[in-house]
Amino acid sequence: MSSSHVLVLNCGSSSLKFAIIDIESGAEVLSGLAECLAEQQPLIKYKYDGAKQTITLNEGDAHQVAIARLVELVKHLGLDMQLIAVGHRVVHGGEHFTHSVLITDKVLQAIKQTSTLAPLHNPANLLGIEAAQAAFSTLPQIAVFDTAFHQTMQPQAFLYALPYSLYKNHGIRRYGFHGTSHYYVSAQAHQILGLDKNNSRIVSAHLGNGCSVTAIKNGQSVDTSMGLTPLEGLMMGTRSGDIDPGIFAFLVNQLKYSPTQVDLLLNKQSGLLGISELSNDCRTIEEAAANGHEQAKLALDIFCYRLAKQIAAFAVPLGGLDALIFTGGIGENSDAIRSKVVSQLAFLGLQLDKDKNLAARFGHQGVITSGELPCAIVIPTNEEWVIATDAAAIAQEQ
């Protein structure tokens with residue numbers, strides 16, 4: 001067996017998503033998720049050779065323990081000898097990183113410095129890097145940044161209308177996220193639709209519990225909906241997205257919220273969950289709306305309206321539209337949301353084909369509109385593949 005496998009690690013605050021990917025075939029040899037880390041019932045679920053298995057961890061076990069058990073599993077299955085690199089998803093690279101890089105002490109220090117911009121994500125990413133370095137000390141470790149794809153944005157798109165010194169001295173600006181996803185699906189769209197990468201206008205909508213839209217002109221990100229943090233932009237599962245900043249002062253001064261309570265409200269208690277008062281899961285809300293639940297209907301209406309409005313706005317930096325991509329858990333599977341959004345964008349020349357829209361679900365891709373360009377298309381994302389291929393390319397240069 002040739003050595004062409006990359007271990008991909010994606011550390012969240014209480015989870016660890018992992019996969020071993022064969023670069024030559026694109027196959028996921030091993031995939032899984034460690035969840036509820038540092039909580040009461042942490043466990044590792046994984047899939048290997050078509051079979052699903054579960055490893056139970058002890059209460060309170062965190063990332064280091066999960067990675068140690070993952071290493072044991074990889075060695076037990078005899079997969080360690082095929083590994084050529086470890087690829088890490090890092091959420092925030094700030095302005096330091098415009099592309100994926102080999103992790104050195106200098107790179108680690110820069111990621112730590114950027115942690116103030118992503119306090120929920122980067123520290124967890126660092127835990128994964130440090131644990132993997134200890135476990136696979138002979139393998140090159142590569143960082144792949146969510147923000148890197150958006151570093152082609154111009155100042156008019158990424159600057160806030162705040163005192164310039166806040167950007168110059170503290171890096172307060174719009175960075176954008178989901179970069180690996182937007183990059184992957186836009187590259188796929190060029191191939192599938194036969195678009196000229198050097199003359200194309202694409203809007204990519206990554207819709208999951210976190211949601212963002214990116215304007216991609218000639219293969220480059222020119223604007224995106226998320227900002228300094230992943231809170232800005234669209235309404236999401238539990239995040240508010242764009243609000244009047246004055247609400248923060250109102251909550252603190254009039255309703256006596258603490259800054260921590262405001263942060264919790266905006267990040268964990270708002271969005272689909274906040275409006276529906278049912279769930280942050282789009283499937284649950286769609287089912288409730290179909291059964292007449294008014295707040296569930298309202299949550300979906302607000303979600304789709306704001307999404308359509310953002311997509312339409314991005315026709316400005318693009319100068320028109322060739323393709324609209326839906327991806328992510330909601331984007332790939334919710335024909336109802338796609339239908340509501342596309343119907344509001346008919347003035348851009350998009351006309352939904354109901355049969356195609358129904359067919360493009362549960363892992364199936366395809367154009368969901370009638371006619372030629374502009375079109376709307378569903379493309380399943382594959383961030384792990386981007387991380388794996390970047391890691392392999394950099395490892396082979398060493």
Check your understanding: With N residues in region 97-192, what two-decimal value do you get for its Cα radius of gyration over 2.2 N^0.38 Å?
Key -> 1.25
Check your understanding: Once the Cα atoms of helix 259-268 and of the chain are each reduced to a long axis, what angle between those two axes, in degrees from 0 to 90 to the nearest 10, is obtained?
Key -> 80
Check your understanding: When the accessible area of the chain is computed with all protein chains present and a 1.4 Å probe, what percentage of it is carbon and sulfur?
Key -> 51
Review point. Ignoring ligands and nucleic acids, what accessible area does E59 show with a 1.4 Å probe (Å², nearest 10)?
Key: 140
Review point. Measuring from centroid to centroid over Cα atoms, what is the spacing of region 50-74 and region 333-375 in Å?
Key: 40
Exercise for review: Could you state the angle between the C-alpha long axis of helix 335-344 and the longest principal axis of the C-alpha atoms of the chain, as a value from 0 to 90 degrees rounded to the nearest 10?
Suggested key: 40
Check your understanding: Considering the chain as a Gaussian network with a 10 Å cut-off on Cα pairs, which listed residue, L159, L264, L318, attains the greatest mean-square fluctuation?
Key -> L264
**Study point:** Solvent-accessible area of K75 with every protein chain in place, 1.4 Å probe, in Å² to the nearest 10
**Key:** 110
Point to revise | Which of K217, K17 is most accessible, then next, and so on - probe 1.4 Å | key: K17, K217
Check your understanding: Charges only on Cβ, +1 for Lys and Arg, -1 for Asp and Glu: so what's the dipole of region 323-398 about the Cα centre, in debye to the nearest 20?
Key -> 440
Point to revise | Cross-link partners of K309 among lysines (Cα-Cα below 17 Å; sequence separation of 8 or more within a chain) | key: K340
**Study point:** Under 25 Å from the Cα of K17 - lysines, other chains or at least 8 residues apart
**Key:** K45, K47, K52, K75, K112, K268
Point to revise | Global form of region 157-313, assessed from the alpha-carbon gyration tensor, a/c cut-off 1.5 | key: oblate
Revision key, fill the gap. Net charge near A38 (other residues with Cβ under 10 Å of its Cβ; Lys, Arg +1; Asp, Glu -1) is -3
Check your understanding: Using alpha carbons only, how many degrees (0 to 90, rounded to 10) separate the axis of helix 63-76 from the longest principal axis of the chain?
Key -> 60
Review point. When the dipole is taken about the Cα centre of region 202-317, and only Lys, Arg (+1) and Asp, Glu (-1) are charged at their Cβ, what size is it in debye, to the nearest 20?
Key: 180
Exercise for review: Give me the Kirkwood hydrodynamic radius of region 168-228, using the inverse of the mean 1/r over all pairs of distinct Cα atoms, in Å to one decimal.
Suggested key: 12.2
Study note, to complete from the structure: When all Cα-Cα pair distances of region 261-368 are considered, the percent exceeding 25 Å is 27
Study note, to complete from the structure: For the chain, dividing by residue count, accessible area per residue (probe 1.4 Å) in Å² works out to 46
Practice item. Work through the residues other than E130 whose Cβ is under 13 Å from its Cβ and net out their charges, Lys, Arg +1 and Asp, Glu -1. Key: 0
Review point. Over the chain, what is the relative contact order in whole percent, taking alpha-carbon pairs under 8 Å and six or more residues apart?
Key: 14
Review point. Over the chain, how many percent of alpha carbon pairs lie in each 10 Å bin up to the one with the longest distance?
Key: 5, 21, 31, 28, 13, 2, 0
Revision key, fill the gap. With the charge dipole of region 323-387 built from beta-carbon charges (+1 for Lys and Arg, -1 for Asp and Glu) about the Cα centre, the Cα from H364, I337, T381 projecting farthest to the positive end belongs to I337
Point to revise | Size of charge dipole - the chain - debye, nearest 20, with Cβ of Lys, Arg +1 and Asp, Glu -1, no other charges | key: 640
Study note, to complete from the structure: Partner aspartates and glutamates whose C-alpha sits under 12 Å from that of K297, ignoring same-chain residues fewer than 8 away, are E277, E286, E287
Point to revise | Equivalent ellipsoid dimensions for region 139-201 as semi-axes, Å, which come from the Cα gyration tensor, largest first | key: 29, 19, 8
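The values are calculated or read from the model by the stated rules, or taken from the named source; none is laboratory data. Predicted model, so just to flag it, every value in this text is computed and none were measured. Here Cβ is always computed from backbone atoms with ideal geometry, including for glycine, and neighbour counts include all displayed protein chains. Heavy atoms of the whole protein, side chains included, go into the accessibility calculation; ligands, DNA and RNA do not. Shrake-Rupley method; radii C 1.70, N 1.55, O 1.52, S 1.80 Å.
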